[in-house]
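We did not get these values from a lab; they are worked out from the coordinates using the rules stated. Here the structure is a predicted model, which is why all the values come from computation and not from measurement. Note that each Cβ is placed from the backbone with ideal geometry, even for glycine, and that neighbours are counted across all protein chains shown.
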Amino acid sequence: MQEKYTPKPIEQQAQKYWDDNDSFVANVDTEKDKYYCLTMFPYPSGNLHMGHVRNYSIGDVISRYQRMLGKNVLQPMGWDAFGLPAENAAVKHNTAPGKWTDSNIAYMRNQLKQLGFAYDWSKELATCKPDYYRWEQWFFTRLYEKGLVYKKTSAVNWCPEDETVLANEQVIDGCCWRCDTPVERKEIPQWFIKITEYADQLLADLDQLDGWPEQVKTMQRNWIGRSEGVDIRFDLEQPVAQIDSIDVYTTRPDTLLGATYVSLAAEHPISLALAENNPELQAFINDCKTSSVAEADMATMEKKGVAAGINTIHPVSGEKVPVWIANYVLMNYGSGAVMAVPSHDERDFAFANKYDLPVVQVIASNDNNDAGFDPTIWQEWYARKGNTTTINSGSFDGLDYQQAFDGIANALEKLGKGKKKTNYRLRDWGVSRQRYWGSPIPIFNLPDGGEIAVPADRLPILLPEDVVMDGVSSPIKSDPEWRKDQLDGIPVERETDTFDTFMESSWYYARFTCPDYEDGMLDADAANYWLPVDQYIGGIEHAILHLLYARFFHKLMRDEGLINCDEPFDRLLCQGMVLKDGTKMSKSKGNTVDPQEMIEQYGADSVRLSIMFAAPPEQSLEWSDSALGGAHKFLHRLWGRVYNHLQNAKAPVLNTDSLDKGQQTLRRKLHETIAKVGDDFGRRLTFNTAIAAIMELTNDLSKLPTDNEQGLAVEHEALQAIIVMLSPIAPHFCHELWNAMGNTGAVIDAQWPIVDEQAMVRNTIELVVQVNGKVRAKIEVAADASEESILEQAFTDSNVIKYIENKEVKMRKVIPGKLVTIAVK
């Protein structure tokens, strides 16, 4: 063993050993318990930053620890390789997205290998490769045949700069999240998958996920948004375009008698029919097309509208209720119509005050602390369900919320004007994107205007990669030759939309179990052995879309007979962000720290140790170069401790019966640390506290005299355990030290240290002695000492005598295992 720690050659040797021995290749082995650990795969942007390093270090520590417990561990890595950023980069660098992506993957793969992550590289995949997206296309055609896929014209968020649809979450303050271009509302044909048909399952099965953070489950419950309400029919006074009624859904039928107008979406069929002879209304509808459809924007934007000039008939009172076209109502949500109750809905309230519409209070607060109703100033209690009573509601006056809900719902059913219904906030998943760099949607458009799924034997529909990007149009949309195809001799046209990239990330975890399988989407034996993922790691920003879509996709695959479990991820850890100058590290913000420089200067193990020690995994942390230096110094000190230990003769066999007090204390600390670190790595996932415990043990070890045989034996046992416990975090460093300590094989194949329960038994304990509530002494007593002997020892302590001498003792008491308390007068 060399005297000084030099990271680079040590890391290269360890990595060569792992490569030469296929150390992390994981195959199905039914004789072993399996453990599948997965960190959300990266987009190949070109290089890693410290946020990546943190995520992947967490997964690597967990994987290596579980391996030491004797489990068959799978930890794969791949690339979420489709998406608009590759197109933009290709335009900027005058290349094709495929070439740009491949070069980035090669560079980032090398960075990951330098960091020593225990990945099974034989299972690497990239979602932009045909052997991956072929099966995604096949699965889509299966869903189409089952009636779970459909096409419809829909209002979307449209970025005119990127010429693509944006999800609601990608619209920030009315602008595109990528380029800050104001988003427009646009109606285009799109493909949808019926996630709403699985809403109940997605909601109910959250209760199975005991290993998920409650915050994430709550976010998903709110996104799915199951609600109990009533479908209500408002008949039109006069039909419009052969439409004689307007259907609305409300969760607040208790406020029905406060409905003073009905508001329609700009895209509602009645709105469009009326606009044909109403220039003002047509102009308003056109204006609505330039506004975002994101809910957050809809809630905060100025409420605008145009009177439709028609009336409905209130289903209970029979009074006329005017119709308005409003910009805060969306056609994609429910029926595109809202029963407006301005007295008890904040958006309706703002709209009514803007256009001087009636505001009729129909619920009254029963809380004396609430201010009185004011039709000009919105108050929180107006929307409250509990602790309220109906008023101005005719025969329904004086009812609480549930009584009014049931009473009005039942009355509507008897009148044939409504019925109770369970509804969801969740909407079907729009999977169409109008860009090039994605999987082509496997649909043939027929000459008569219909469409048909591409037959399985014609898949995959390949995306041409040798293209020229002009930054404006998709190459497959602008290439008429690519669109042309034939089916049984009949000319057809290929669909030119590509899949939303969430499609690829919704099932990659399953394909990792069998990436080379050519006979189907999944090899059932491999998939059912490895799934579900035992530990999944990724950012809280993916709590809704990615995780919800992956859960949905998993259930679709289960129902297709591809897998046999209900949920994809058994346990979920959402790591905090790595910040620089108080801002999340990201390439787009230009504030990343490249780990390459850190690896070159300090070594990969110092980088890994530093990032894992900085904070609990769920918390965000501010990157600090000085912390990296501290981690590097600790490894140097530990290296030196092992080196000095090995300069002695071979350590003798440990004899626990002949240890002195100091040696017993050190062994107790050692096995307490083994127990703690195992719990931190396995159950708690608090790696920073595990590292702190290892460092504390190492410091205590430096105080142990080793000038005798049993001192050396205790030191040897402790160093062996420290190397094993530290190896998931600093694997190259510990690989070298393990061999230097005379062990055969590699530390990755070592067993996790076994806790010696007997070593943790304390023969003596320390008790605090208080006199009149103040600590006056500390005494060491036998662990099984009687109360009488403890008191006798306390009262003979010289420092205690000083405070009780010549005073009347009013109370003496022993708190077992903690303290002796004495009161004197």
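Structure notes:
- Gyration tensor verdict on the stretch 338-409 (Cα atoms; rounded if a/c is under 1.5, prolate if a/b is larger than b/c, oblate otherwise): oblate
- Pairs of Cα atoms farther than 22 Å apart, the stretch 533-618, %: 47
- Contour minus Cα-Cα distance for residue 763 and residue 400 (0.36 nm per residue): 124.1 nm
- Local net charge near residue 455, Cβ-Cβ under 15 Å (Lys/Arg +1, Asp/Glu -1): -2
- Dipole of the chain, positive direction: furthest Cα of 474, 662, 147, with charges on the beta-carbon: 662
- When the alpha carbon coordinates of the stretch 4-163 are projected onto the principal axes, the ranges are 65, 43, 24 Å, largest first.
- Each Lys and Arg adds +1 at its Cβ and each Asp and Glu adds -1 at its Cβ; summed about the Cα centre, the chain shows a dipole of about 2080 debye.
- Bins of 5 Å from zero: percent of alpha-carbon pairs in the stretch 764-824: 4, 20, 37, 25, 11, 3, 0
- C-alpha center-to-center spacing [the stretch 765-813, the stretch 511-547] in angstrom: 62
- Here the stretch 389-471 is assigned +1 on the Cβ of each Lys and Arg and -1 on the Cβ of each Asp and Glu. Its dipole about the Cα centre then comes out at about 440 debye.
- Farthest toward positive dipole pole in the stretch 226-424 [+1 Lys/Arg, -1 Asp/Glu at C-beta], among 234, 285, 275: 234
- With the cut-off at under 15 Å, measuring from each backbone N in the stretch 515-558 to a point 7 Å along the Cα-to-Cβ line of residue 564 picks out 523-532, 558.
- Mean projection of the Cα convex hull over all viewing directions, computed for the chain: 47.3 nm².
- In this simple spin-label approximation, residue 69 and residue 644 carry label points 7 Å from Cα along the Cα→Cβ vector, and these lie 3.6 nm apart.
- When 805, 600 are arranged by Cβ crowding within 10 Å, least crowded first, meaning fewest neighbours, the order is 805, 600.
- Fully extended contour minus Cα-Cα distance, from residue 740 to residue 181, at 0.36 nm per residue: 195.2 nm
- Comparing 396, 720, 553 along the charge dipole axis of the chain, the residue lying farthest to the positive side is 720, per the Cβ-charge model.
- Solvent-free Debye scattering, log10 I(q)/I(0), computed from the Cα coordinates of the stretch 623-760 at q = 0.13, 0.16 Å⁻¹: -0.55, -0.84
- Taking every alpha-carbon pair under 8 Å whose residues sit at least 6 apart, the stretch 226-424 reaches a relative contact order of 28 percent.
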